[in-house]
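Before any comments, here is the structure.
The values are calculated or read from the model by the stated rules, or taken from the named source; none is laboratory data. Since we're looking at a predicted model, the values are computed, not measured. Positions of Cβ are backbone-derived with ideal geometry, glycine not excepted, and every protein chain shown enters the neighbour counts. Accessible surface areas use protein heavy atoms only, side chains included; no ligands, DNA or RNA. Shrake-Rupley method; radii C 1.70, N 1.55, O 1.52, S 1.80 Å.
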Amino acid sequence: MSCVFYSNLSVFSEEAPPPPVVYSRYTDDTIRFLAKKLKERTEILKEKAIDPYATSPEVTPPKGSSHKSAAPALTSSSIQWRKKWMSSWGPPLILSQVSITPKLNEFFVFAFKYLTDISVILSPDRRYISWLSFVALAYNYNVWFCSARLAFPYHSETANRYWIFLDILSDIVNIIDIIVWQPRLQFVKAGDIITDIISILPFDLLCLYFEFSSFYRLNRFIRIGSFFEFSDRLESVMAKAYIWRVARTTGYLLFMLHLNACAYYVASVHQGLATTTWVYDGNGTAYLRCYYFAVRSLINIGGLPEPVTTFEISFQMANFFIGVFVFSSLIGQMRDVIGAATAAQTYFRASMDGCVSYMNTYTIPKLVQNRVRTWYNYTWAAQGMLDESELLDKMPLVMRIAIAVDINLATFQKIALFQGCDQQMLVDMLLRLKSIIYLPGDFVVKKGDIGKEMYIIKSGAVQVVGGPDNSIVFVTLKAGSVFGEISLLQSAKDGGNRRTANVKAHGFANLFVLEKKDLFDILVHYPESEKVLARKAVPAKGNEEKQKGLALFPPKPPTPKLLRAFANMKKLKVNVMWGSVFCCRPFKSTDG
Ligand SMILES: Nc1nc2c(ncn2[C@@H]2O[C@@H]3COP(=O)(O)O[C@H]3[C@H]2O)c(=O)[nH]1
């Protein structure tokens, strides 16, 4: 069939356009579509001829001198290639076999592309999870109802019609899943689909020769993997995954009870209904009564009728053992799930309690104690954890980058000094930042201290203060501003590495801290960005020697006259009020 395609379509290249008279619009459109795809494919082949590995990752490049061909690697490019192949050849090959209207054609092309899109199952895609919910439903239908139908007398002339309908429905879901989704899943997991195929073999057809029974459907239970697949994927997309975990564990508990109810009914029938006080007496709704027995028996509630025969005693003993082991482990699992959901809060409480008891042991003044408590409470309320870095540390670098970029890159890009710098340098910086919270009035840096880190304000504000009792506010810096860089970049020789002013938190201030060592480590790798930063810095004339360490920072705009007058009045030798915190130069102030 495909040969016919090649030979027929070769005439419709760009050099030989189709005749101007169109006899059938649909045929014309279809042929044009195929010609376009052929052209695209030729392009791919051409590319492949030039660079076989770049264009067709299905062929793994040889490692070293070895020329062995390896198994297809699942790289993003291989997925791309596969998708391309599918979209180029899949629909035409299928559509060539059948005659359909253009609308249907479009639908099939869309459906084919959608159904063969591997990316749907690679990512935590909600469409796939929605589909899996049907598969999980079908699976649950089979395990719950097949077992119930096997134990209880639920088959009758009238009921069987409904059972057959539901059975077929669940089978259709499974078949679609196995034909459409599983191959892609197996491709990704490099597995096989034998077990899945066994699970849908229609042993039910034996009912045509034997009695109608759900026994022939027991192979459907094999599809338990699809239920777990659904469960895992759902868990991965839920914001509060523990809700699903609790529901799932509860489901396991209920299912164990269900199985026990079925077993109890079978045991009762085996003994003879109402023959002893222990067996089910045949009154009321059989399932409900047996389930009630199972609950009391497995959860060891007690008050059960005493088993009489050896069979009953053995059965009841097995029930108690199962109850002890299975239920204790399931209940333990439930406790773990709830414990995990509140682990962060427990950790926070334990940490705060430990700190408070430590402060009490050393009779720390109440004022300090209160500040520590406030810090704990605010940090918990602001970020839901005490140390963000603890969480991120466990992640692979690529994930940390993704998170850091998402949260902070936009803020960084707005900082005047970094504009025009290598984006990668900013990302490197983001990765080394540590988040810290200061309480209102806390001193972030003290004048005269050695500067070992610089700060970027994430949220809140800080004030550069001086004068008697630090009562003069020189400038208030808000989110996105940077401070503490002067002493960081000055040389230690002439004491330039000392803080030039006091900076205190104005309200709660959430800051990023970048250590001196980290900053210089980063700049070593980005000479171009260093140059960009250096270009921004125009050292004040005749002050070059002094400026050595601060080559990165541009000069400060002149202090407004009014302020200068104010400073002189106060006999303060300060350079105040920068236009922006980075538009500054170092100075030795004597304020305060
Ligand atoms: N000395 C001084 N520092 C300021 C001023 N405005 C902001 N700052 C910041 O306050 C910081 C105090 O510590 P650093 O000397 O390391 O760096 C200083 C600057 O980043 C100002 O007007 N004068």
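Potential lengthening of the chain between E211 and D469 amounts to 83.3 nm, from the contour at 0.36 nm per residue minus the alpha-carbon distance. Pairs exceeding a 26 Å alpha-carbon distance, out of K39/K103; K504/K531; K394/K478; K452/K478; K394/K531: K504/K531; K394/K478; K394/K531.
Counting only protein chain heavy atoms and rolling a 1.4 Å probe, the accessible areas of C355, C421 rank, largest first, as C355, C421.
Return the FRET efficiency for the residue pair V266, I44: r is the Cβ-Cβ distance, R0 is 56 Å, and the value is rounded to the nearest 0.05. The computed FRET efficiency comes out at 0.35. Per-residue SASA remark: C207, around 30 Å² accessible (1.4 Å probe; ligands, DNA and RNA not included). The length gained on full extension between D29 and D393, counted as 0.36 nm times the residue separation minus their Cα-Cα distance, comes to 125.4 nm. What you get for the range 134-287, charging only the Cβ of Lys and Arg (+1) and of Asp and Glu (-1), is a dipole of about 420 debye around the Cα centre.
With N as its number of residues, the range 307-420 has a Cα radius of gyration that, divided by 2.2 N^0.38 Å, comes to 1.93. Rounded to the nearest 20 debye, the dipole size of the range 383-455 about its Cα centre is 180 debye, using +1 on the Cβ of Lys and Arg and -1 on the Cβ of Asp and Glu. About its Cα centre, the range 282-401 has a charge dipole of approximately 360 debye under the convention of +1 per Lys or Arg Cβ and -1 per Asp or Glu Cβ, with nothing else charged.
Quick one: with all protein chains in place, what share of the accessible area of the range 151-301 is carbon or sulfur, to the nearest percent (1.4 Å probe)?
That fraction is 70 percent.
Here the extension length gained between F320 and T276 equals 13.9 nm, from 0.36 nm per residue of separation less the Cα-Cα distance. Between I172 and N377, the C-beta separation translates, for a Förster distance of 51 Å, into a calculated FRET efficiency of about 0.35.
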